[in-house]
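Below is one structure; the comments refer to it alone.
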Amino acid sequence: MRELRLWAAAAAGPAVAAGFYALATARRRRSLHPIGLGYQGWLEVPHQGPARPGVPLFQAGATHPALLRFSRGAGLPEPLPDALGVAIKLPNAHGLGADQDLLLTSSTDRPLLRRLLFPAGSFAHGAFSTALPYDLGNDRVVLLLVPARSGAGRSADGDDHHAAGGALAELRAAAANGLGFELRTAGSFGRSRPLATLRIGPPLPAEETEALRFNPWTTGPGIRPAGWLNLLRDAAYRASQRGRSRGPSPGRLPFSPRIHRRGGVGNQASDSPPTLYRQRPG
């Protein structure tokens, strides 16, 4: 059955990638999530966190500089609700030139619903999910990002909160006041569990934000996108990025999906142009 799904992904990949390529070419920007804001940040793993010996990225006490992009999925005008996205890049997280990307979209932290995506009107409320699963060491989980609220607790169920001036305007104000998130893991049932804390820092210039490239298959040891649908995402993201450049690189077809072997996941440093990030203050 697994081999059949892989073949299905390989067969569907060119059609999916062609659609993303065409949309990105027509827009001259990302096919999805075209409008966004960039920030610097830091991902911090607690010293007392759960032991994950097979996942060096989440070693207890680790701190990783981060580059973040918050975006509206369909690019609908604010304040209309949209599928809100949070893309996280951890430069050199797996060694020099080997980054880690995580991509999450507005969802919920409720059991059974974590693999669904929902339109939202705020980055500072609700929850964000990878929707598709990851193999994290020996566990198959979805990753969640939940705003960390000071004092009044946090909202992780969606609650249909809509910022009056729009999600991106609210984000600017919340980031200036120290917005943070909890990165959590969850199965289909039960409660989610904390994994790390994401702190939002200063904003990135618009040109640096636009230059960021993300792909869920930019990953490393112990953390791997799982399932055949994630194979389609790889082809779609690569095609969209080439469509933004109005054509494929010489000698490379933009629509060919890649089969990722379980034994080793390649890190796509070539799709992630160097972006300077500043050291954490203090």
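Filter the range 63-80 down to residues that are at pLDDT 95 or above and of a type in the set (A, V, I, L, M) and give me whichever is nearest to the chain's Cα centre (by Cα).
From the range 63-80, those at pLDDT 95 or above are 63-70; that's our starting set.
In the following step, the residues that additionally are of a type in the set (A, V, I, L, M) were identified as 66-68.
Values: A66: 12, L67: 11, L68: 9 Å.
So, considering only residues that are at pLDDT 95 or above and of a type in the set (A, V, I, L, M), the one nearest to the chain's Cα centre (by Cα) is L68.
Scan the range 189-210 for residues that are open to solvent by 50 Å² or more (accessible area, probe 1.4 Å) and within 15 Å of A127 (Cβ to Cβ) and jot them down.
Kept after step one, since they are open to solvent by 50 Å² or more (accessible area, probe 1.4 Å), are these residues of the range 189-210: 189, 191, 193-194, 199, 202-203, 206-207, 210.
Scanning the range 189-210 gives R191, R193, P194.
Just checking: which of the strands (runs of 3 or more DSSP E) contained wholly in the range 32-123 hold 1 or more residues that are farther than 16 Å from L183 by Cβ and open to solvent by less than 30 Å² (accessible area, probe 1.4 Å)?
Numbers: elements: 35-44, 63-72, 84-90, 100-107.
Ranges flagged: 35-44, 63-72, 84-90.
Out of (1) crowded, with 18+ Cβ neighbours inside 10 Å; (2) within 25 Å of G220 (Cα to Cα), what's the single condition that is false for N138?
Among (1) crowded, with 18+ Cβ neighbours inside 10 Å; (2) within 25 Å of G220 (Cα to Cα), N138 violates only (1).
Assess whether A98 counts as being among the small types (G, A, S), modelled with pLDDT under 95 and farther than 18 Å from R191 by Cβ.
Working: among the small types (G, A, S): yes; modelled with pLDDT under 95: no; farther than 18 Å from R191 by Cβ: yes.
Spelling it out, it is not the case that A98 is among the small types (G, A, S), modelled with pLDDT under 95 and farther than 18 Å from R191 by Cβ.
The values are calculated or read from the model by the stated rules, or taken from the named source; none is laboratory data. Small disclaimer: the values here were computed from a predicted structure and weren't measured. Don't worry about glycine lacking a Cβ; one is built from the backbone with ideal geometry, like all the others, and counts go over all protein chains shown. These accessible areas exclude ligands, DNA and RNA; they are computed on the full protein's heavy atoms, side chains included. Shrake-Rupley method; radii C 1.70, N 1.55, O 1.52, S 1.80 Å.
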